[in-house]
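The values are calculated or read from the model by the stated rules, or taken from the named source; none is laboratory data. In this text, all values refer to a predicted model and were calculated from it rather than measured experimentally. Cβ placement follows ideal geometry from the backbone for every residue including glycine, while neighbour counts extend to all protein chains displayed.
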Amino acid sequence: MGFVRFLALVLLSLTCVASGVLAQDKTLRLAAPAEIIDSGLLEFMLPRFALKHGVRVVVVDADADARLGRDGVPVFSKGDAGYGLSLVQDSAHGETFRAWLISEIGLRTVLSFKTDGEAVFAAPAVAEAEVEEVVLSGDAKRGQTASLRACGRCHVIGDINRMQGIGSTPSFAVLRSLEGWQERFEIFYVLNPHPAFTIIPEVIEEFDETLPSPIAPVSVTLEEIEDIVAYVASMDPADLGALIEHQ
């Protein structure tokens with residue numbers, strides 16, 4: 001019986017040591033600003049994370065694995081201040097904590113923290129993407145003249161050739177209504193059927209002798225193309241109406 005008791009004590013000791021090592025391995029050291037610590041959010045939030053993932057989070061001043069602050073992946077906000085989580089060093093538990101914080105469950109946990117019945121924190125603010133303004137360098141007035149000369153034999157470019165053009169060829173107003181219209185005009189000379197009869201000095205000098213132009217060639221410069229794009233940008237897109245709905 002003495003040996004059995006001794007063996008049981010040894011096994012219990014090994015289990016305790018293993019449990020201690022395991023607990024240490026499943027610990028995340030987190031640094032956070034004073035306003036977050038003083039708010040009580042961490043005391044409310046961290047036990048819920050530990051219960052979900054089995055990782056204990058310890059708040060530290062230094063030697064942290066992860067840090068709450070103004071940088072990092074946005075996780076929540078308070079007033080005009082946004083807070084994010086950044087990983088100070090590689091940590092699987094840090095990745096788990098970050099994934100939990102930005103998940104619906106994590107955010108809901110943060111939002112449910114209240115003081116005197118009032119929510120303290122809010123969802124992270126979404127920064128509006130900056131829209132780069134496109135500045136056209138061409139001259140619209142010159143572009144109208146270039147359009148009539150180079151394109152007017154096939155396309156209706158406006159009132160100045162309303163009754164001309166080829167019926168099956170879209171007007172400039174229709175082309176203007178299409179998504180990506182600007183790129184279409186900028187590279188029209190590589191889009192069928194234009195390569196067969198279009199010459200762009202310094203880009204397309206001449207046709208292959210075995211593939212002559214089927215009609216009188218159209219020659220237009222890169223500067224004229226910029227002017228044409230500016231002209232098309234100045235016109236109103238055609239109203240093509242709503243899509244037909246099939247019953």
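If a residue has to be part of a helix (DSSP H, G or I) and in contact with a Leu (Cβ under 8 Å, 6 or more places away or on another chain) to count, how many in the stretch 151-172 make the cut?
Adding up the residues that qualify gives 2.
Report every pair of residues separated by at least 6 positions or lying on different chains whose Cβ atoms are under 6 Å apart, first residue within the stretch 77-104 and more than 15 Å from His53 (Cα to Cα), second assigned to a helix (DSSP H, G or I).
Between residues of the stretch 77-104 that are more than 15 Å from His53 (Cα to Cα) and residues that are assigned to a helix (DSSP H, G or I), the close pairs are Leu85/Arg98; Leu85/Leu101; Leu87/Gly94.
Can you pull out the residues in the stretch 81-123 that are part of a strand (DSSP E or B) and loosely packed, with under 15 Cβ neighbours inside 10 Å?
Within the stretch 81-123, Ala81, Lys114, Thr115, Glu118, Ala119, Ala122 meet the criteria.
Select from the stretch 182-207 the residues that are modelled with pLDDT under 85 and assigned to a loop (DSSP other than H, G, I, E, B) and write down the one among them that is nearest to Gly143 (Cα to Cα).
Pro201
Considering only residues that are exposed (fewer than 15 other Cβ atoms within 10 Å of the Cβ) and of a type outside the set (Lys, Arg), which ones fall in the stretch 141-159?
Answer for the stretch 141-159, where residues must be exposed (fewer than 15 other Cβ atoms within 10 Å of the Cβ) and of a type outside the set (Lys, Arg): just Asp159.
Tell me which of these Asp71 doesn't satisfy, since it passes every other one: (1) touching a residue at least 40 places away in the same chain (Cβ under 8 Å); (2) part of a loop (DSSP other than H, G, I, E, B); (3) within 24 Å of the chain's Cα centre (by Cα); (4) loosely packed, with under 14 Cβ neighbours inside 10 Å.
(1)
Going by what's in this entry, would Ile215 be described as of a type in the set (Val, Ile, Thr), out of contact with any Asp or Glu (no Cβ under 6 Å at 6 or more places or on another chain), at pLDDT 85 or above and surrounded by 10 or more Cβ atoms within 10 Å (Cβ to Cβ)?
For Ile215, the condition - of a type in the set (Val, Ile, Thr), out of contact with any Asp or Glu (no Cβ under 6 Å at 6 or more places or on another chain), at pLDDT 85 or above and surrounded by 10 or more Cβ atoms within 10 Å (Cβ to Cβ) - is not met.
Kindly evaluate Val55 against the criterion of being modelled with pLDDT under 95 and in contact with a Lys or Arg (Cβ under 8 Å, 6 or more places away or on another chain).
Yes: the conditions hold for Val55.
Scanning the stretch 160-175 for residues that are surrounded by 14 or more Cβ atoms within 10 Å (Cβ to Cβ) and more than 22 Å from Thr221 (Cβ to Cβ), which turns out farthest from the chain's Cα centre (by Cα)?
Looking at the filtered set, the residue picked out is Gly165.
When you check Leu178 against the structure, is it assigned by TED's automatic domain parsing to the domain that holds Ser147, at pLDDT 85 or above and under 17 Å from Ala140 (Cα atoms), yes or no?
No, not satisfied.
In this structure, does Thr198 turn out to be β-branched (Val, Ile, Thr), in the same structural domain as Leu148 (by TED's automatic domain parsing), within 19 Å of Ala146 (Cβ to Cβ) and more than 37 Å from the chain's Cα centre (by Cα)?
yes
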